[in-house]
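First up is the structure itself, then whatever we jot down about it.
The values are calculated or read from the model by the stated rules, or taken from the named source; none is laboratory data. These figures come from a predicted structure and were not determined experimentally. Please note: Cβ atoms are built from the backbone with ideal geometry, for glycine as well, and neighbour counts cover all protein chains shown. These accessible areas exclude ligands, DNA and RNA; they are computed on the full protein's heavy atoms, side chains included. Shrake-Rupley method; radii C 1.70, N 1.55, O 1.52, S 1.80 Å.
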Amino acid sequence: MSIFVPESPGLLLAANSTIPTMLKQILAKLPRKSSKSNPTYSEGTNGTTNAPNNGSFTNTCNVISSRLNVVKKMSSSIFPTSNGEMIQPHLQFKDVQNSERPKLFISKLNLCSTIYDFDDQDKDNVEKDLKRQVLGEVLDVLVSESIKLTEPVMSAICKMCGDNLFREFPPKYSDSPRGETEDDDPWFDPAWSHIQLVYEILLRFVSLNSLDPKVAKQYIDNPFLLKLLNLFDSEDPRERECLKSVLHRIYGKFMVHRPFIRMSVSNIIFRFVFETEKHNGIAELLEIFGSVISGFALPLKKEHKMFLSRVLIPLHKPKSLGNYHHQLSYCVVQFIEKEPKLMSVVINGLLKYWPVTSSQKQLMFLSELEELLELIRTDEFEKVMVPLFRRIRCLLDSYHFQVVERALFLWNNEHIQHLIMSNRQVIMPIVFSSLQHNSKNHWNRTVLNLTQNVLKMFHEADEQLVISCQAKVEEDKSATTAVAERRKLTWDSLEKVANDGWKPVVGNNSVLENTSTAACVVSC
């Protein structure tokens, strides 16, 4: 038996009359708006009572549509949809209204958060080109400052930058620090075409005048900064240059983050100096801090003085000093110019870490020492002159002629020469023996000439002091000769006793016969 009933005009009429009644009951439970704000709803409700059945059905559908729009607006205000899903990122900014541009901007940033594998050059080429194009569009918008920096926009920018920049670097197979061997070629990131644009976006973002640091600090926070600082270990020199610019801008704009940045950089340097001695970005970090130190207020805080003594001074220790010595020397000089009383702390620190076997490091230390002595005051010089010129005497006795030559160049500086001559009663007895030895025995002609010029300065300044120093040198030489002779006699006596007391080996036994009972007195 069939369950379908043939249609009849009576049944259709009953259905048409029943549907509006059911819809009225459903719509009565929905939130209402005033008649002024929703005229369509008012007109629809009136039409349902007077119009024929078919017209009532049509008006009721219009009412449903208007009511659903109201509900949709209310739900979207309570549960907003993702901005990246509202507008397709492939649209151009000129094709959308100004009110929709932030949504399109966020949609493009979300698209740029996708990371592609650049180790395979033949993979996802279309997607890579599209991402590079969209990154360029984002950068153009930031340059033109045509977008309002709302909190969702700031969050999307920081997220996109983090997704692209914060990554693990490939393992380092070389055991030597970067720059220690001249044959090491720098490593270049294959994804640089994307990374460079991301750095430019981040730099432009933190440089915007409309950026409020009080609001942006919740997105550029301590974890973000810590990951950014870890990127300084990149082997790609282009990336380190971009990082230097970005961190400098952040330090200048976000005052609340300055103590954390200084502490984090100190920890990086501690790990480099006392643990690994391997880091690629020490020079860039010091270059940033060169300008930071120049902005320190006077008097210097205890924290800043500790940064000098505990962070900058120990940086003279690692073997790879040549990679960052210029920047390190500049930072130290900035501290001295701020507070000259720190000179004794710096020079004593240099003497503590002075190299013994590396002639190249000795030359760098001498260059920095001369730069510091040009700034030193008389009272500070008197505090350090004795240990300082004991070290210089060791340098004058060096077998490396460049080290001796560089040490003698100190006397060519007028300010240093004046300090030496003003304290010649203390300094000349320390270095005179080494100068006299080099003036007679050194093989290098340049060293001979420089040594003779220094001795001539001393003769002209105080001839009596030179004579007394010569007498002291002769006396010490005689005493040294006497000690050497006594030592030789002692060893001769020991050798004679050994030869007289032992006989050749007999079988498997050695026989010792005491042929003399005289005691051997050993004196040195």
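What number of residues in the range 111-122 are surrounded by fewer than 18 Cβ atoms within 10 Å (Cβ to Cβ) and farther than 21 Å from F169 by Cβ?
1
Here the condition is being modelled with pLDDT under 95, in a helix (DSSP H, G or I) and of a type outside the set (F, W, Y); of V332, V292, V346, it holds for V292 alone. Considering only residues of the range 473-489 that are of a type in the set (A, V, I, L, M, F, W, C) and modelled with pLDDT of 90 or more, which is most open to solvent (accessible area, probe 1.4 Å)? Taking the candidates together, the pick is L489. Exactly one residue out of K383, K361 is in a helix (DSSP H, G or I), open to solvent by 60 Å² or more (accessible area, probe 1.4 Å) and either at pLDDT 95 or above or of a type outside the set (G, A, S) (or both), and it is K383. For the range 90-124, a residue qualifies if it is modelled with pLDDT under 85 and polar (S, T, N, Q), and the qualifying residues are Q92, Q97, N98, S99, Q121. Kindly indicate which of P259, P190, P186, P171 is surrounded by fewer than 16 Cβ atoms within 10 Å (Cβ to Cβ) and at pLDDT 90 or above. The unique qualifying residue is P259. With respect to the stated conditions, T451 fails to be loosely packed, with under 12 Cβ neighbours inside 10 Å, at pLDDT 90 or above and among the polar types (S, T, N, Q). From the list I220, I269, exactly one residue is surrounded by 15 or more Cβ atoms within 10 Å (Cβ to Cβ), outside any helix (DSSP H, G or I) and not polar (S, T, N, Q). Which is it? Selected residue: I220, the only one of I220, I269 that is surrounded by 15 or more Cβ atoms within 10 Å (Cβ to Cβ), outside any helix (DSSP H, G or I) and not polar (S, T, N, Q).
In the range 284-332, which residue that is aromatic (F, W, Y) and within 18 Å of E371 (Cβ to Cβ) is surrounded by the most Cβ atoms within 10 Å (Cβ to Cβ)?
Restricting to residues being aromatic (F, W, Y) and within 18 Å of E371 (Cβ to Cβ), the top hit is F289.
Determine if the range 325-340 includes at least one residue that is in contact with a Pro (Cβ under 6 Å, 6 or more places away or on another chain) and touching a residue at least 40 places away in the same chain (Cβ under 8 Å). So far as the range 325-340 goes, no, none of its residues is in contact with a Pro (Cβ under 6 Å, 6 or more places away or on another chain) and touching a residue at least 40 places away in the same chain (Cβ under 8 Å).
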